[in-house]
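The values are calculated or read from the model by the stated rules, or taken from the named source; none is laboratory data. What you are looking at is a predicted structure, and each value in this text was computed from that prediction instead of being measured. Cβ sites come from the backbone with ideal geometry, for glycine too, and all protein chains shown count toward neighbours. The accessibility values were calculated without ligands, DNA or RNA, using every heavy atom of the protein model including side chains. Shrake-Rupley method; radii C 1.70, N 1.55, O 1.52, S 1.80 Å.
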Amino acid sequence: MRTVRTVERALWLLRTIAATPAPMTFGELHKVSDLPRASVHNLLATLEETGFVVRDGNGRYSVGLAAFEVGSAHQVRTGLLRLAEPILRDLVRRHNETCHLGILDGTEVLYVERLESTQPVRLTTATGRRVPAHATGIGKALLALRPDAEVAALYPTGLPSLTPSTLTAVPTLLRDLTETRRRGWAIDNEESTPGVRCAAAAVAVPGWPATGISLAVPLQRAADDRIAELGADVRAAADTLAARLQEFRIPA
């Protein structure tokens, strides 16, 4: 059977990074690969560009979300989603509003699950859709897990606008994230979709991707006191999911 040598080498690097507990430097990868420096550089650049690896501020490489999406699809379906689904269903049962589960990927939120309400007027967001993180409840809840300097570095050219209510200045976003941290949950005030407000909370457990849970509500059912009620409940649901994830480990 003929194989593509470049693909083999890229996959070998990816598996090496994935199998190492701590992020690896370029020098470490070059040494263990026994490949020319230029080849390792080009392979890592390609893997980074496509999201299969990420490089931190110290130049160390670790597995990116694209690798998680592809290589851990089974674990997500049978692990994260299996554990999250009853929690999401309970939120929908009690509030009858659309519930989402999302993962942060750079400056975007990837929606991995959606449970719809039975309301005649409701938000419908397709599973697999990506939305700018700064304009969503889940995105802001997940961005709030990071230091302000790290968040600001994600937006060197500013924030794109989705609606007239989208936050488009980094200082404004950072103030919103400060309030999100204080409150424990985030609010989307028609920032991603006109006529829709959202309450969301983040789940951060080692060994799992940072995940967010949200309830999306049409404006006519989204008075401030209701959003506060949903926010507290979403925060509690996120805490419940975090506890369950801590008890369940993705197989190595």
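On the basis of being of a type outside the set (Lys, Arg) and surrounded by 17 or more Cβ atoms within 10 Å (Cβ to Cβ), does Glu150 make the cut? Give the derivation first.
Numbers: of a type outside the set (Lys, Arg): yes; surrounded by 17 or more Cβ atoms within 10 Å (Cβ to Cβ): no.
Here the answer is no, as Glu150 does not meet what is asked.
Criterion applied to Glu191, Glu179 was being at pLDDT 95 or above, under 25 Å from Val112 (Cα atoms) and either open to solvent by less than 40 Å² (accessible area, probe 1.4 Å) or not aliphatic (A, V, I, L, M) (or both), and the one residue passing it is Glu191. Being out of contact with any helix residue (DSSP H, G or I) (no Cβ under 9 Å at 6 or more places or on another chain) and under 23 Å from Ala238 (Cβ atoms), is that true of even one residue in segment 161-178? Within segment 161-178, one or more residues are out of contact with any helix residue (DSSP H, G or I) (no Cβ under 9 Å at 6 or more places or on another chain) and under 23 Å from Ala238 (Cβ atoms).
Can you find even one residue in segment 63-85 that is at pLDDT 90 or above, in contact with a Ser or Thr (Cβ under 7 Å, 6 or more places away or on another chain) and open to solvent by less than 70 Å² (accessible area, probe 1.4 Å)? No, the conditions are met nowhere in segment 63-85. Within the option set Thr193, Thr168, Thr163, being touching a residue at least 12 places away in the same chain (Cβ under 8 Å), of a type outside the set (Gly, Ala, Ser), assigned to a loop (DSSP other than H, G, I, E, B) and touching a Pro at 6+ places or on another chain (Cβ under 9 Å) holds for one residue only, Thr163.
When segment 10-52 is limited to residues that are surrounded by 14 or more Cβ atoms within 10 Å (Cβ to Cβ) and more than 17 Å from Val63 (Cβ to Cβ), the one that is modelled with the lowest pLDDT turns out to be Leu35.
Tell me the residue from Ala216, Ala199 that is touching a Cys at 6+ places or on another chain (Cβ under 7 Å), touching a residue at least 40 places away in the same chain (Cβ under 8 Å), part of a strand (DSSP E or B) and open to solvent by less than 40 Å² (accessible area, probe 1.4 Å), please.
Numbers: Ala199 fails: touching a Cys at 6+ places or on another chain (Cβ under 7 Å).
So the residue among Ala216, Ala199 that is touching a Cys at 6+ places or on another chain (Cβ under 7 Å), touching a residue at least 40 places away in the same chain (Cβ under 8 Å), part of a strand (DSSP E or B) and open to solvent by less than 40 Å² (accessible area, probe 1.4 Å) is Ala216.
Confirm whether Glu229 is open to solvent by 20 Å² or more (accessible area, probe 1.4 Å) and charged (D, E, K, R). Considered against the rule, which asks whether it is open to solvent by 20 Å² or more (accessible area, probe 1.4 Å) and charged (D, E, K, R), Glu229 comes out as yes. For segment 27-55, taking the residues that are of a type in the set (A, V, I, L, M, F, W, C) and in contact (Cβ under 8 Å) with a residue 24 or more places away in the chain, the one that is farthest from Ala66 (Cα to Cα) is identified as Leu35.
Of the candidates Pro206, Pro156, the single residue that is out of contact with any strand residue (DSSP E or B) (no Cβ under 8 Å at 6 or more places or on another chain), open to solvent by 30 Å² or more (accessible area, probe 1.4 Å) and under 20 Å from Gly102 (Cα atoms) is Pro206. Output yes when any residue across segment 137-149 is in contact with a strand residue (DSSP E or B) (Cβ under 8 Å, 6 or more places away or on another chain), at pLDDT below 90 and β-branched (Val, Ile, Thr), and no when none is. No: segment 137-149 contains no residue that is in contact with a strand residue (DSSP E or B) (Cβ under 8 Å, 6 or more places away or on another chain), at pLDDT below 90 and β-branched (Val, Ile, Thr).
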